[in-house]
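See below for the structure under consideration.
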Amino acid sequence: MATQSGISVDLSFGGADSMLSDMTLSKVPVATQAQQLATFLQTYNFASVDFDIESPVIMQGNTAATVVSFFNQLHTLLKKAGKQSILTVEGGIAQGPGSGSPLSPLFTNFSTMFDGVNLMLYSTNQYYLDASNATWGIDQWLTYIKEPSLMHIGFYDSIDYTNPASSAGEQYAIPKGLTNGQAAAFIYLTMLSQAKYTVSEFGDPFFWTDDPTTISTNAFFTDFHNYIDANQTKFQKQ
């Protein structure tokens, strides 16, 4: 029904509560598993598959070589079918591509395995948005993800973006009177400007909400996008 209505539908695996058993590949050859998943996406008209890996358990239940081989083969199959494979990770460098991170093999040849990375730059009550922070800064991520259009920054509508104290990084000078969605957009535009990128050069941001059934009426999303559309030309690269 969704695809018939022109709505793009994605399949997601993983999440914050994933356990070792959830992330362990079976004894079936990885080529077979990749083909089976690609066929499933094709059969049911999924546009992409998202692997939400918020812990190193995927590398504890499998060898790094097995994981890399699976993602490489799956990406090749999906690319031929016009579909995408996306990686979602916590926004800290140490939890992703950083030296010694269990997930670092996924970033060695990132573009051969994934079509984009979703950076969860938020917790339950803080956001981690900063151009140059040594721990989670956009500049640091771009040393691993060479193409900015592959990077997607996440926003959580339950965080108070109007309050600078909610930031774990830079305390942005947020203009008074903005709604929460507008404030999040202001921070996003400011951060990209500091990193010397424009909105069109970066991947589309993504959003998390505790109640997806309210998306159509949630002002956070519309306020965010409307603010971007109305103000992005004011935040050109300095």
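Have a look at Ser216, Leu25, Phe71 and report the one farthest towards the positive end of the charge dipole of the chain, computed about the Cα centre with Cβ charges (Lys/Arg +1, Asp/Glu -1).
Phe71
With loop defined by DSSP as not H, G, I, E or B, and exposure as at most 11 other Cβ atoms within 10 Å, which is the longest segment of the chain clear of exposed trypsin sites (Lys or Arg not before Pro)?
The reported range is 28-145.
Where the Cα atoms of the chain are projected onto their three principal axes, how long is each span, largest first, in whole Å?
Per principal axis, max minus min of the Cα coordinates gives 57, 45, 31 Å.
Expressed as an acute angle from 0 to 90° and rounded to the nearest 10, what is the orientation of the C-alpha long axis of helix 219-231 relative to the principal long axis of the chain?
So the helix axis and the longest Cα principal axis differ by about 70 degrees.
Of the beta bridges DSSP finds with both residues in the chain, what % are antiparallel, to the nearest 5?
5
Excluding residues fewer than 8 places away in the same chain, name every one of the aspartates and glutamates whose C-alpha is closer than 12 Å to that of Lys79.
Of all the aspartates and glutamates, those that pass the test against Lys79 - Cα under 12 Å, at least 8 places apart if same chain - are Asp115.
In nanometres, what is the gap between the two model label sites at Phe206 and Ser149, each 7 Å from Cα along Cα-to-Cβ?
Each label point lies 7 Å from its Cα, and together they span 1.9 nm.
If I compute solvent accessible area with a 1.4 Å probe over the protein chains, what percent of it on the chain is carbon and sulfur?
Answer for the chain: carbon and sulfur cover 53 percent of the accessible area.
Based on the alpha-carbon set only, what is the convex hull volume of the stretch 47-143 divided per residue, in Å³?
Taking the convex hull of the Cα positions in the stretch 47-143, it is 104 Å³ per residue.
Mind checking which aspartates and glutamates have their Cα closer than 18 Å to the Cα of Lys176? Skip sequence neighbours fewer than 8 apart in that chain.
Partners found: Asp160, Asp223.
With each label point set 7 Å from Cα along the Cα-Cβ vector, what nm distance links Ala134 and Ile215?
3.9
If you fit an axis through the alpha-carbon atoms of helix 180-194 and take the longest principal axis of the Cα set of the chain, what angle between them do you get, 0 to 90°, nearest 10?
Taking the Cα atoms of the chain, the angle to 180-194 is about 80 degrees.
Do the sum for the chain: with -39,500 (n - 2.57) for every DSSP H run of n ≥ 4, divided by all residues, what is the mean residue ellipticity at 222 nm, to the nearest 500 deg cm²/dmol?
-9000 deg cm²/dmol
Past the 30 Å Cα-Cα mark, which pairs from Lys146/Lys234; Lys80/Lys196; Lys80/Lys146?
Long pairs (Cα-Cα over 30 Å): Lys80/Lys196.
What angle, in degrees between 0 and 90 and rounded to the nearest 10, separates the Cα long axis of helix 64-80 from the longest principal axis of the Cα atoms of the chain?
For helix 64-80, the angle is close to 80 degrees.
Please report the spacing between the Cα centers of the stretch 31-52 and the stretch 84-151 in Å, no decimals.
So the separation of the two Cα centres works out to 23 Å.
The values are calculated or read from the model by the stated rules, or taken from the named source; none is laboratory data. Model, not experiment: these values are computed from the prediction. Here the Cβ is made from the backbone with ideal geometry for all residues, glycine too, and neighbour counts use every protein chain on show. Note: areas computed on protein heavy atoms with side chains; ligands, DNA, RNA excluded. Shrake-Rupley method; radii C 1.70, N 1.55, O 1.52, S 1.80 Å.
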